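The structure under discussion appears below in the form of structure tokens.
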Amino acid sequence: MTNIILFGPPGAGKGTQSERIIEHYGLVHLSTGDILRGEVAAETELGLKAKAIMDAGQLVGDDIVIGMIENKLNEHKGAPGFIFDGFPRTVMQAQALDALLAKRQTEIKRVLLLEVSEEELVKRLLKRAKDSGRADDNHQTILERLDVYFEKTMPVADYYGKQDKLSQVAGEGGVDEIFGRLKAQIDAAPQA
Ligand code: AMP
């Protein structure tokens, strides 16, 4: 199986590049942000709980997102692999993901960290706010989400660095150019 984590701060281009990776490698896309927005839109009990946390730019509880990922792994038995987008966001989530994959005799092949300057991130997120109307794309929440990323999510990069699975990729430039860089890293990684 080819299991990849697309990692990076909000606004790094994870969603856009996930689409390219799925198209090229035929992987199943698992975005916890998309799943949570689906729950909010459907006004499920989970969605109602998650909405306030998401609107504030904070992280939804580890148990909730880990449970969501476990359900999706079960739903897609036999998939050629997964691309995880926006997950794991804490070291605890990363440990849980490793355990879930190990139970299925597989593992993460590569963690791709999209690097974008903070100034460019804020610019992109403010633009997305205008285009998409996402409730959490306002200036105050954007700054909060970046703080949460640097404090709680960045340690996940070290966690995978210690496993020799981390590739840092420049996330500025054209979409095709960035995809080319990601593809080179995926293709060069040892088969998991
Ligand atoms: P995203 O679309 O990945 O930027 O996620 C939007 C929001 O959903 C985040 O700001 C969090 O509130 C929540 N969220 C998404 N993924 C996770 C996760 N793995 N752990 C905790 N909260 C998450």
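Every number in this text was worked out from the coordinates using simple rules, so none of it is lab data. Keep in mind that this is a model prediction, so the values were computed, not measured. Positions of Cβ are backbone-derived with ideal geometry, glycine not excepted, and every protein chain shown enters the neighbour counts.
A compact table of results
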| quantity | calculated |
| --- | --- |
| Derived scalar couplings ³J(HN,Hα) [region 49-58; Karplus, 6.51 cos²θ - 1.76 cosθ + 1.60; whole Hz; x for Gly, Pro] | 6, 6, 4, 4, 5, 5, 4, 8, x, 8 |
| Long pairs among K123/K162; K103/K162; K51/K123; K51/K130; K77/K123, criterion Cα-Cα beyond 29 Å | K123/K162; K77/K123 |
| Relative packing of 27-37, 68-78, 155-165, which averages over residues the other C-beta atoms within 10 Å, highest first | 27-37, 155-165, 68-78 |
| Fraction of alpha-carbon pairs over 23 Å apart in the chain - percent | 40 percent |
| Computed Rg/Rh of region 41-100, alpha carbon atoms with Kirkwood Rh | 0.99 |
| Test item: Cα-centred dipole of the chain, Lys/Arg +1 and Asp/Glu -1 on Cβ, debye | 340 debye |
| Most mobile of I53, I66, I142 in a GNM of the chain (Cα contacts under 10 Å) | I53 |
| Calculated log₁₀ intensity ratio I(q)/I(0) where the Debye formula runs over C-alpha points of region 1-110, q = 0.21, 0.22 Å⁻¹ | -1.24, -1.34 |
